[in-house]
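Report on one structure; see the data block that follows.
The values are calculated or read from the model by the stated rules, or taken from the named source; none is laboratory data. Since the structure is predicted, the reported quantities are computational estimates derived from the model, not experimental observations. For neighbour counting, all protein chains shown are included, and Cβ atoms are generated from backbone atoms with ideal geometry for every residue, glycine included.
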Amino acid sequence: MLLLDNTGIINEILSSRKSRLQWWREARYGLFIHWGLYAVAGGVWNNSMIPGVGEWIMFMEKIPVKTYRELAKLFNPVEFDPKEWARIAKESGFKYLVITAKHHDGFCLFDSSLTNYNVVSSTPFGRDVIKEVTQAFKSEGIKVGFYYSQTLDWFHKDALGNEWDYDPWSKNFRRYFYEYSIPQVIELIKKYDPDIMWFDIGCPTHDYARDLRIEIHKANPNIIVNGRIDPWTIRYDFLISKDFRYLCRRGIMFGDYLELHDNTIPPYTLECDWEVPITHNGTWGWRSWDHEWRSTGKLLQTLITVVSRNGNLLINTGPTPTGKIPHESLTMFLEIGSWLKKNGESIYGTYAAPIDTPSSTIYKLTYRPCKSKEDEIYVHLIGWPWNGQLRIYNILQKFDVGEAYVLETMQALNMKKSGNDLVIEGLPYSPINRLVTVLKLEAQPKEV
Ligand code: JFZ
């Protein structure tokens, strides 16, 4: 009987996915924030730098709950200003935010009625971070999502993960999942009204994922859920097959889109909706000693490459224990934001171009099909053609190109046909934009 009851709502969840995702597909660029008690540790424990990402320090050092929870008494981010975070995000061109409401350590960055192990009840700071951040970002027109660790919880005796404080054989995962995890997710939805629920690691089985998804849909059918709600077993198959197209077919069950492995860019276009989370340096949560920051140019190229293959990029920053966004992230975010102000139309609301482009080209294409006028093809010059000529391969197989110009200057460009290729001529001998120059083509699809 239970299955028959579920069939209707599951069909509703699946059939409404395309419309639910529309704003998310157009958004393309999201900000990921990992913040919690681990920021106080900052990757250091007992005067040693601890290997592994900062938010995993409790696990890496098998820190007992009674010791780790003492960090809550030190959590007092006196520089925390959610309106400043939101202004920076707006200026940086982010269209959505995902912030850790509860990571694997079990500490809640919101005022939860299910545990006092939360930022309001257990810290001298005493403010509801999720509430203030959600209000500030929504005021800037930025959609808001919550990261929630639904399976691992090193604080809760029945959750998976902590086998140094708790006997694994005495755990009752079902009790944790149905009496704590799902109720806390619904508490987040009812109190703070998120647009996305971002799960992690995966539920142990399809049944858990199904039941969690059904409760979310009942609470708010418009909430987008990422692919890591689905069982982690699917990922293991991928690790063997290394076939991202396999993940597209098998990886999305109760999630709305495929969540790729951290910092993993597929080498080709994926036909499904997908997102990849990436770090700016070597960690998600703050590490005081981690100065291995990726360059702005590298991260902008990553954004362009991801969108050119139909994906969304979720780029992370781990705020300091005082509540500041690291200045290296701030600088990078604003540099990319400045580029997006001039070239954002080549990213937001664009897709992979239906053109067979060799992998070694110095450019990446994005594409916006248009109903009422020519389609728009954007050519992102990752490299620069020293001889002033750019060959765009195979584009004339599918399109007639009417006009070509430099997007940010509107400078018209000469072009000539060469078989199925289009050759742009008269480019200056040095890049117009020091990061990435974008050309725009007005293209009419050929009748097939
Ligand atoms: C998880 C977390 O453990 C980590 O702390 C961070 O929050 C990251 C965004 O997500 O790490 C993962 C999760 C999944 C994979 C790899 C790392 N995976 O599917 O390979």
Test result for Tyr166, assigned to a helix (DSSP H, G or I) and either without any contact (Cβ under 8 Å) to a residue 40 or more places away in the chain or not assigned by TED's automatic domain parsing to the domain that holds Ile88 (or both): no
Just to be sure before I move on: is Gly402 part of a loop (DSSP other than H, G, I, E, B), in contact (Cβ under 8 Å) with a residue 40 or more places away in the chain and assigned by TED's automatic domain parsing to the domain that holds Met415 in the structure I sent? no
Touching a Cys at 6+ places or on another chain (Cβ under 8 Å) and within 16 Å of the ligand (Cβ to nearest atom): is that true of Thr115 in this structure? no
Expected output for segment 348-364 (first residue among the acidic types (Asp, Glu), partner in a loop (DSSP other than H, G, I, E, B), Cβ below 9 Å, 6+ apart or cross-chain) is Asp356/Tyr393; Asp356/Asn394
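Residues are listed down the side, and each one gets a yes or a no for (1) within 16 Å of the ligand (Cβ to nearest atom); (2) under 21 Å from the mean Cα position of the chain (by Cα):
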residue: Thr7; (1), (2): no, no
residue: Ala27; (1), (2): no, yes
residue: Leu31; (1), (2): yes, yes
residue: Met49; (1), (2): no, no
What pairs come up if the first residue lies in segment 177-200 and is within 20 Å of His34 (Cα to Cα), the second is of a type in the set (Asp, Glu) and in a helix (DSSP H, G or I), and their beta carbons are under 8 Å apart, counting only those six or more places apart or on different chains? Val185/Glu215
Only one residue in Ile201, Ile214, Ile99, Ile182 is farther than 18 Å from Ala72 by Cα, β-branched (Val, Ile, Thr) and either outside the structural domain of Trp24 (by TED's automatic domain parsing) or part of a loop (DSSP other than H, G, I, E, B) (or both), so which one is that? Ile201
When you go through (1) buried (at least 23 other Cβ atoms within 10 Å of the Cβ); (2) away from the ligand (no atom under 16 Å from the Cβ); (3) touching a residue at least 60 places away in the same chain (Cβ under 8 Å) one by one for Phe137, which number turns out not to apply? (3)
Based on this model, can you work out whether Arg127 counts as part of a loop (DSSP other than H, G, I, E, B), basic (Lys, Arg) and surrounded by fewer than 19 Cβ atoms within 10 Å (Cβ to Cβ)? yes
When the residues of segment 205-214 are filtered to those that are buried (at least 16 other Cβ atoms within 10 Å of the Cβ) and free of Cβ contacts under 8 Å to residues at least 60 places away in the same chain, which remaining residue is farthest from the ligand (Cβ to nearest atom)? Asp211
Identify the residue in segment 19-35 that is hydrophobic (A, V, I, L, M, F, W, C) and surrounded by 17 or more Cβ atoms within 10 Å (Cβ to Cβ) and, among all such residues, is farthest from Tyr147 (Cα to Cα). Ala27
From the list Glu374, Glu259, Glu345, which one is among the charged types (D, E, K, R) and in contact with a helix residue (DSSP H, G or I) (Cβ under 6 Å, 6 or more places away or on another chain)? Glu259
If a residue must be surrounded by fewer than 16 Cβ atoms within 10 Å (Cβ to Cβ) and at pLDDT 95 or above, how many such residues does segment 266-289 contain? 2
Residue by residue through segment 390-428, note down the ones that are touching a helix residue (DSSP H, G or I) at 6+ places or on another chain (Cβ under 8 Å) and closer than 16 Å to Lys364 by Cβ. Leu407, Leu422
Could you figure out which of (1) in a loop (DSSP other than H, G, I, E, B); (2) under 30 Å from Gly349 (Cα atoms); (3) not β-branched (Val, Ile, Thr) isn't true of Gly106? (2)
Given (1) touching a Ser or Thr at 6+ places or on another chain (Cβ under 8 Å); (2) in a helix (DSSP H, G or I), index of the condition Lys66 fails: (1)
Scan segment 188-198 and tell me whether some residue there is surrounded by 14 or more Cβ atoms within 10 Å (Cβ to Cβ) and either under 23 Å from Arg309 (Cβ atoms) or not assigned by TED's automatic domain parsing to the domain that holds Val98 (or both). yes
Go through segment 329-385 and report how many residues are acidic (Asp, Glu) and surrounded by fewer than 16 Cβ atoms within 10 Å (Cβ to Cβ). 1
